[in-house]
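These notes concern the structure reproduced below.
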Amino acid sequence: MTNASIFPRSSGVLLHPTSLPGRYGVGDLGEWAYHFVDWLHEAGQSIWQVLPLGPTSYGDSPYQSLSTFAGNPLLISFDRLAQDGWLTAGELAAVPNFSVHSVDFGNVITYHNTLLAKAYVRFAASATAAQKSAFDEWCAGQSYWLDDFALFAALKAANGGKAWVEWPKGLALREAAALAAARVTYADAVAEQKFKQWLFFTQWLELKAYAGSKGIRMVGDIPIFVAHDSADVWANRDGYFLDDAGNPTVIAGVPPDYFSPTGQRWGNPLYRWEQMKQDGYKWWLNRIKATLAVVDIVRVDHFRGFEAYWEVPATEKTAEKGQWVPGPGFDFFNVVVEKLGDLPIIAEDLGLITEGVIALRDGLGLPGMKILQFAFGGAGGENSFLPHNYTPNCVVYTGTHDNNTTLGWWMSGEADDDIRSYLPQYMGRDVQEIHWDLTRMGMASVAHTFVVPMQDVLGFGADTRMNTPGRESGNWGWRFTAEWLNHPAHERLAYLTKLYGRWPKAEVTEAE
């Protein structure tokens, strides 16, 4: 399923757009996104990896989105809206005193929604016939998900942000008369939601095209499970194990392990795979196609769930009492390949990985993930995350969005005495700069792809960690400031990229 044309020897950086610099309290798809593409290109990087791009809800997690198809309006660039005439310079003159180092999501969302509402009013009143036609044409092309999402978002706002199961029954359970009345009552709010999606996708695809012109491929993320409070579940209840009121009867999670004695109770509803199979996995095919329209490569989060997943009764408070249930396996992927062709997929195969998961991953020819922070504790030389155990068909990271930064990991108790003893032996010298030591190791490995989080390029500590699993708040907010794009780390990254043969071949040839 994978080949050298999809995954040539290359490297890149993991950075969610919310972490970019900018005036408006959160990174966006404006000038600093373009500067970052230039920064990547000049350092010989050919990958920009992002987290899921959907609109976030409670907890601000990209992995608990209101829609797997929609884009996050927080990423819409106000400066580009001003260039297009939808906002004025006066409206952008006085910006709240937002932090430049982190995202205050509550206040940022309120501010952004206010300005986006003004942009919509101006569009509705003054758009040319050609502009309205372009908008209508886009909406028609996306109607298979956009109509449900826009109504869902409008109804959620009208119901004070409550989860859809708490709405009036007729709306929650999508009774025809209730929906018809809602489409009339909330017609303007629905149109505004569609407008915001149009803006997001217009700006994102322009950025993606610019990145492509610089040889940068976008790596996106498909979480295997979706949030219960989402347009996906609300509009497709038959595809999930729900009761008559729409609440999950069983939920996703992982069983107890060394890190969590009660397991992890994620709470996502589980798919009725046999039901989905009856229409040829149509929803999933639409989901994958939609994702590949906005990114070049897809990381499938919790890939092992396609082989078997941990099913927990929704009444349980922890994930201790559950069972492994077979996933759709090859049957699902065979349909995907038949309908969509060989796909550029990275399998997130971390955690409890069985022979069945390995057989599915390797049978499909998909690259798995290797995390260098996991390499030096336990199992000695047999640890599969150690570079000498890699095969070329894998993607290696110093750490992911769920890990501490490499410097934070090394300076804290996470890197225990055994790790601190073994790592220098493995390298054959003392640790000097841990983030560069692991970056060099990943760059030098046989893995066809190496990705490093921006925090590790810049040598940042634990206070810049993106996410701490299990912590309910205080995640996802890290940002960096513009001067860091001029840091000498840029030249160092470029040096290692060229040294270990990850510089794009065409550019090396041109340089020679």
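No lab work stands behind these numbers, since they all come straight from the coordinates. Being a predicted model, the structure only gives us computed values, none of them experimental. Cβ atoms come from the backbone with ideal geometry, glycine included; neighbour counts cover every protein chain shown.
Structure values in brief
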{"read-out": "√(5λ) per eigenvalue of the Cα gyration tensor, region 390-444, largest first, Å", "value": "18, 15, 10"}
{"read-out": "Rounded, prolate or oblate (a/c below 1.5 giving rounded, otherwise prolate when a/b exceeds b/c) for region 166-265 by Cα gyration tensor", "value": "oblate"}
{"read-out": "Stretchable slack from F330 to A290, in nm (0.36 nm times residue separation minus alpha-carbon distance)", "value": "12.2 nm"}
{"read-out": "Proximal charge balance of A314 [Cβ under 11 Å; K/R count +1, D/E count -1]", "value": "-1"}
{"read-out": "Nearest-0.05 FRET efficiency for A94 and A157, computed from C-beta distance (R0 41 Å)", "value": "0.95"}
{"read-out": "Listed pairs K289/K321; K132/K339; K162/K196 exceeding 29 Å between Cα atoms", "value": "K289/K321; K132/K339"}
{"read-out": "Cα centre as origin, Lys/Arg/Asp/Glu Cβ charges: the chain dipole, Debye", "value": "720 debye"}
{"read-out": "In nm, spacing of pseudo-spin labels at T391 and D84 (7 Å Cα→C-beta vector)", "value": "4.5 nm"}
{"read-out": "DSSP bridge pairs, the chain: antiparallel proportion in percent, nearest 5", "value": "35 percent"}
{"read-out": "Between region 214-238 and region 429-487, the Cα center-to-center distance that results, in Å", "value": "25 Å"}
{"read-out": "Stretch gain in nm, segment R272-D136, where the contour uses 0.36 nm per residue and the Cα spacing is subtracted", "value": "45.5 nm"}
{"read-out": "Sum of -39500 (n - 2.57) over DSSP H runs of 4+, divided by residues of the chain (222 nm, nearest 500)", "value": "-12000 deg cm²/dmol"}
{"read-out": "Stretch gain in nm, segment K282-A127, where the contour uses 0.36 nm per residue and the Cα spacing is subtracted", "value": "52.2 nm"}
{"read-out": "Sites S384 and A117 - FRET efficiency at Förster radius 56 Å, r taken between beta-carbons, to 0.05", "value": "0.65"}
{"read-out": "Rounded if a/c under 1.5, otherwise prolate or oblate - the chain, Cα gyration tensor axes", "value": "oblate"}
{"read-out": "Tensor-based shape of region 369-487 (alpha-carbon gyration tensor, a/c under 1.5 rounded, otherwise prolate or oblate)", "value": "prolate"}
{"read-out": "Label-point separation, D417 to K214 (7 Å along Cα→Cβ), nm", "value": "4.7 nm"}
{"read-out": "For region 60-75, Karplus couplings with θ = phi - 60° (6.51, -1.76, 1.60), whole Hz, Gly/Pro x", "value": "6, 7, x, 8, 10, 8, 6, 6, 7, 9, 6, x, 7, x, 4, 7"}
{"read-out": "Two-site FRET efficiency, E483 against A462, from Cβ-Cβ distance with R₀ of 22 Å, rounded to 0.05", "value": "0.55"}
{"read-out": "Length-normalised contact order for region 380-512 - Cα pairs under 8 Å, 6+ apart - percent", "value": "31 percent"}
{"read-out": "Under Karplus coefficients 6.51, -1.76 and 1.60, residue-wise ³J(HN,Hα) of region 167-178 in Hz, glycine/proline x", "value": "6, x, 3, x, 7, 4, 9, 6, 5, 4, 5, 5"}
